[in-house]
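A.B. asks: Pasting in a structure now, in structure tokens, and then I'll have a few things to ask.
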Amino acid sequence: MKNTLIPLDILFIDKQGKITYIAENAKPNSLDIISAGNIPIRAVMELNGGTTRKQHINVGDTVIYKGL
């Protein structure tokens, strides 16, 4: 999150497009490591902090994107 000025929700997505982990409201300018653990990840999506809660986005939901 270095050089990031706003909190972000970070979605970790596997190769099937399933959200496997969500880091909500990641702290701006932090050097802390944000990890989904040992889960294989294909993509990461960053949203404005609080968006996942407002839009009811949860672990297990599917992201539809041709690039996955």
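The values are calculated or read from the model by the stated rules, or taken from the named source; none is laboratory data. Predicted, not measured: the structure shown is a model, and the values here were computed from it. Heads up, the Cβs are rebuilt from the backbone with ideal geometry, glycines too, and the neighbour counts pull from every protein chain shown. SASA here: full protein model, heavy atoms, side chains in, ligands and nucleic acids out. Shrake-Rupley method; radii C 1.70, N 1.55, O 1.52, S 1.80 Å.
A.B. asks: Between LEU5 and SER35, what FRET efficiency comes out of the Förster formula 1/(1 + (r/R0)^6) with R0 = 30 Å and r the beta carbon distance, rounded to 0.05?
C.D. replies: Working: r = 22 Å, r/R0 = 0.74.
With a Förster radius of 30 Å, E is 0.85.
A.B. asks: How about LYS15: which lysines have a C-alpha closer than 19 Å to its C-alpha, ignoring those fewer than 8 places off in the same chain?
C.D. replies: Leaving aside lysines fewer than 8 places away in the same chain, those within reach of LYS15 are LYS66.
A.B. asks: Could I ask something else about it? Keeping every protein chain present and rolling a 1.4 Å probe, give me the accessible area per residue for the chain in Å². Don't skip to the answer; put the middle values down first.
C.D. replies: Numbers: 4980 Å² over 68 residues.
Per residue, the chain has an accessible area of 73 Å².
A.B. asks: Quick one: Karplus J couplings for segment 11-21, per residue in order, coefficients 6.51, -1.76, 1.60, θ = phi - 60°, nearest Hz, x for Gly and Pro?
C.D. replies: With the stated coefficients, segment 11-21 comes to 9, 9, 10, 8, 5, 8, x, 7, 6, 9, 7 Hz.
A.B. asks: Another one. In whole percent, how big is the carbon plus sulfur part of the accessible area of the chain, probe 1.4 Å, protein atoms only?
C.D. replies: Values: 2530 of 4980 Å².
Of all accessible area on the chain, carbon and sulfur atoms account for 51 percent.
A.B. asks: Also, quick follow-up: Using the scaling law 2.2 N^0.38 Å as the reference, what is the normalised Cα Rg of the chain? Don't skip to the answer; put the middle values down first.
C.D. replies: Details: Rg = 11.8 Å, N = 68, 2.2 N^0.38 = 10.9 Å.
Cα-based Rg divided by the globular estimate yields 1.08.
A.B. asks: Placing unit charges on C-beta atoms (Lys and Arg positive, Asp and Glu negative, everything else neutral), compute the dipole magnitude of the chain about its Cα centre in debye, rounded to 20. Write down the numbers at each step before the final one.
C.D. replies: Values: 8 positive and 6 negative charges, 29 e Å.
Rounded to the nearest 20 debye, it is 140 debye.
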